[in-house]
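What follows is a set of notes on a single structure, which appears directly below.
The values are calculated or read from the model by the stated rules, or taken from the named source; none is laboratory data. Fair warning: this is a prediction, and the values are worked out from it, not measured in the lab. Positions of Cβ are generated from backbone atoms using ideal geometry, with glycine treated the same way; all protein chains shown enter the neighbour counts.
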Amino acid sequence: MNDNNIYKISSPKIPDKLEKTFLSDQEIKDESFFSSVIICDCNIENHTAKHVSFNQVVFKNVNFEEVSFEHCELTDTRFENCDLSNVDLRGSIIHRVEMINCKLMGTNLGNATLRNIVFKDCNCRYSFFRFVDCKQVSFQNCLLQNCDLQTSNLSKVDFSHSNLQQAQMSGTKLKGLDLTSCEIEGIGVRIEDLCGVIVSPAQAMYFAKLIGVVIR
């Protein structure tokens, strides 16, 4: 699904044929394990469980409402047209996952570990990524206004054609990060975190103003 795979992000390893299933609240409990299924056209709501594992699962047209899955594990999983707004995924381990055309407004991924992830055409406004550990992660054409990426580790992360206006990134090293295709007005950063960031001439002028440089 990654059209511009500059970091060789591994795609989810999902079988061609999956059994369709419906998850009831009774099935989702602490340390539950779900594998090789497709879950579609349903709501998962008002539920809390820890250390839930999903492996080789496809979620399609699923709405998550008032859901907390702290310290869950998502591996080789795809979300298509899903609403995960305000879902609590703190401390989760997420590996080889695609989120396509999903809504993640206010989603809490604090202290999560993300590896080989693609977010494509997703609404991630006000999402919480503070203290997240990201490696080989791509945000493609995503809305990330007002998201919290403070004090995070971003290694081989791509923000392609994404909106980072008012995003908070203080304490996050931006070395090697290419922001040239992004909207960055109002972004919150520290001067010492800008070393090595890749920006357009117009963006360079914007950052220069932040540090008090006068350009004539």
- Task: Give region 191-201 a look and list any residue that's over 22 Å from the mean Cα position of the chain (by Cα), in contact (Cβ under 8 Å) with a residue 12 or more places away in the chain and under 16 Å from GLN150 (Cβ atoms), or say none.
- Result: ILE191
- Note on the structure: Within region 69-82, residues being buried (at least 19 other Cβ atoms within 10 Å of the Cβ), farther than 13 Å from VAL52 by Cα and free of Cβ contacts under 8 Å to residues at least 40 places away in the same chain number 2
- Message: I'm checking my understanding of the structure. Among residues of region 152-179 that are touching a helix residue (DSSP H, G or I) at 6+ places or on another chain (Cβ under 9 Å) and crowded, with 17+ Cβ neighbours inside 10 Å, which one is nearest to ASP121 (Cα to Cα)?
- Response: LEU179
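Among the listed residues LYS103, LYS135, LYS120, LYS60, which satisfies the condition of being within 23 Å of SER11 (Cβ to Cβ), among the basic types (Lys, Arg), more than 13 Å from the chain's Cα centre (by Cα) and surrounded by fewer than 22 Cβ atoms within 10 Å (Cβ to Cβ)? Reasoning before the result, please.
Details: LYS103 fails: more than 13 Å from the chain's Cα centre (by Cα); LYS135 fails: more than 13 Å from the chain's Cα centre (by Cα); LYS120 fails: more than 13 Å from the chain's Cα centre (by Cα).
Answer to the selection: LYS60.
Need at least 1 residues that are small (Gly, Ala, Ser), at pLDDT 95 or above and over 23 Å from GLN145 (Cα atoms) per element, so show me which strands (runs of 3 or more DSSP E) inside region 21-110 make the cut, counting only ones lying wholly within it. Before you say what the answer is, go through the steps one by one.
Numbers: elements: 33-48, 53-68, 73-80, 93-100.
Per the criteria, 33-48, 53-68.
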- Query: On the given criteria, is GLU183 among the acidic types (Asp, Glu) and either more than 21 Å from the chain's Cα centre (by Cα) or surrounded by fewer than 16 Cβ atoms within 10 Å (Cβ to Cβ) (or both)?
  - Reply: no
- Query: GLN203 versus (1) surrounded by 16 or more Cβ atoms within 10 Å (Cβ to Cβ); (2) at pLDDT 95 or above: which is the lone unmet condition?
  - Reply: (2)
